[in-house]
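Every number here is computed from the coordinates shown, using simple stated rules; none is lab data. The structure presented is a predicted model; accordingly, all values stated were derived computationally and were not measured. Neighbour counts run over all protein chains shown; Cβ positions are idealised from the backbone, glycine included.
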Amino acid sequence: MTDESNGSNETHGLVCAHHHLYSTLARGMPAPVNNPTNFEEILKMVWWRLDRALDLESIKWSAMLGALEAVERGCTAIVDHHESPEAIEGSLSVIADACETVGVRVLCSYGVTDRHGSEGAKKGLDENRRFLKEGGRGMVGLHASFTCEDETLEAAAEIAESFGVGVHVHVAEGPVDANAATRLKGFTKDNWLIVHGVHLEDDHGLRGILVHNPRSNMNNSVGYANPIRFSNEVALGTDGIGADMLEEFRLAYARHRESDVAASPETAWGWLTNGYRIIPEAMNDRVVWSYPNMDPWELAFSTGVNPIEVMVEQETIWANGASTRVDANEIRAKASEQAKKVHARLAEII
Ligand SMILES: [Zn+2]
């Protein structure tokens, strides 16, 4: 997916630089009793209820389905950010195992928060540490600075440093987290993932790769991040709305163009390929597409481009419209069963 893509129907495996595999089962969930009217209410009334309804079994099938749907769209590498306050211990291994089964690369992190007290934050930190110590491929996750005490931010940065990895954190997604730069400034490093940044100042001073999630930002009505204004490298994520990275690229281009008529799709394409800065091994993966010329200018205006074959390293994991490793029907059936269970539990969570 560098210059070699031009004139070719092949790319490397695509990378989703920010995903929440746990949200795959959210689709079809019962609507909250009251309609959320802003970003903070969306978090409180939807996502912070859903994450409490998860157990290890539902996390497994949510990840299996999310990973399968990634492969179906030529995405072979996922940077995941997970939260399940009632089932923290072992959760990252469940996600890593699910992705391994489907054949997708994953970089796991647990989103630590003080929303459930300091004991909850400690459990989250412990899970990140446990996973990394056991050799898991991951980063240290933080939900966002506005739900974390200073000691928690410090502890996360320390754990990351000790394992030589970065921290994966939501930053200034909505106005509620507008002082994130002040809170995080002393901690960030170049290997951090700064997710969203919608409400950051242009010269925010945070280090790390800025992960732009245009569809999610639109869905939460938080505004346009306009990531070109930052000096950070920019990568593209979906924030849990699937892993169709060609679709996210097209949308990223459209939003960029909306704010600047001179914008080129090559910029958004560069954001997409910056995913290889986070998971370089995805460059060993190959996707053969239904479109003859995988060129940014053509793809920005071509919908419905589908993978024909997906290879991770030398192994074909998807061909002839199906996974070579797993039974998609079984995964969909199990995920649907788990979704019913999670949705029923939601009724009891206020
Ligand atoms: Zn997110």
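Of note:
- Residues with amide H under 5 Å from that of Gly138, placed H, sequence gap 5 or more: Cys108
- Placed amide H near Ile308: partners under 5 Å, 5+ positions off or other chain: Val288, Trp289, Ser290
- Under the shape rule built on the C-alpha gyration tensor, where the axes satisfy a ≥ b ≥ c, segment 205-275 is rounded, since a/c falls short of 1.5.
- Taking Lys and Arg as +1 and Asp and Glu as -1, the other residues whose beta-carbon sits under 10 Å from that of Val287 total -1.
- Approximating the spin labels as points 7 Å out from Cα along Cα→Cβ, the Thr316-to-Asp202 distance works out to 5.1 nm.
- Relative contact order for segment 1-160, counting Cα pairs under 8 Å that sit 6 or more residues apart, in percent: 20
- Near Gly208, once Lys and Arg are set to +1 and Asp and Glu to -1 for all other residues with Cβ below 11 Å from its Cβ, the sum equals +1.
- Rounded to the nearest Hz, the phi-derived 3J(HN,Hα) couplings of segment 71-81 under the Karplus curve 6.51 cos²θ - 1.76 cosθ + 1.60 (θ = phi - 60°) are 4, 4, 10, x, 9, 10, 8, 10, 9, 9, 10, where x marks glycine and proline.
- When the square roots of the Cα gyration tensor eigenvalues are ordered a ≥ b ≥ c, the ratio a/c for segment 246-331 is 1.5 or more and a/b exceeds b/c, which makes its shape prolate.
- Length-normalised contact order of the chain in % [C-alpha pairs under 8 Å, at least 6 apart]: 24
- Counting only DSSP beta bridges with both residues in segment 166-299, the antiparallel share comes to about 0 percent.
- Only beta bridges with both residues in the chain are counted; by DSSP, about 35 percent of them are antiparallel.
- Whole-Hz ³J(HN,Hα) from phi, Karplus 6.51 cos²θ - 1.76 cosθ + 1.60, for segment 43-58, glycine and proline x: 4, 5, 8, 10, 6, 7, 8, 4, 5, 6, 8, 8, 10, 4, 5, 5
- Helix content alone sets the calculated 222 nm mean residue ellipticity of the chain: runs of n ≥ 4 DSSP H residues at -39500 (n - 2.57) each, divided across all residues, give -10500 deg cm²/dmol.
- Protection proxy ranking, highest mean first, for peptides 295-305, 148-158, 193-203, 235-245: 235-245, 193-203, 148-158, 295-305, where packing is the per-residue count of other beta-carbon atoms within 10 Å, averaged.
- Charge sum, other residues only, whose C-beta stays under 12 Å from Phe163's C-beta, Lys/Arg counted +1 and Asp/Glu -1: +1
- The alpha-carbon positions of segment 181-332 define a convex hull whose volume is 140 Å³ per residue.
- Whole-Hz couplings from phi, Karplus 6.51/-1.76/1.60, listed for segment 306-319; x for Gly and Pro: 10, x, 9, 9, 10, 10, 10, 6, 9, 8, 6, 9, 8, 7
- Judged by the ratio a/c of the largest to the smallest principal axis of the C-alpha gyration tensor, the chain counts as rounded, that ratio being less than 1.5.
- Average Cα contact separation per residue, segment 79-135, under 8 Å, 6 or more apart, as relative contact order %: 40
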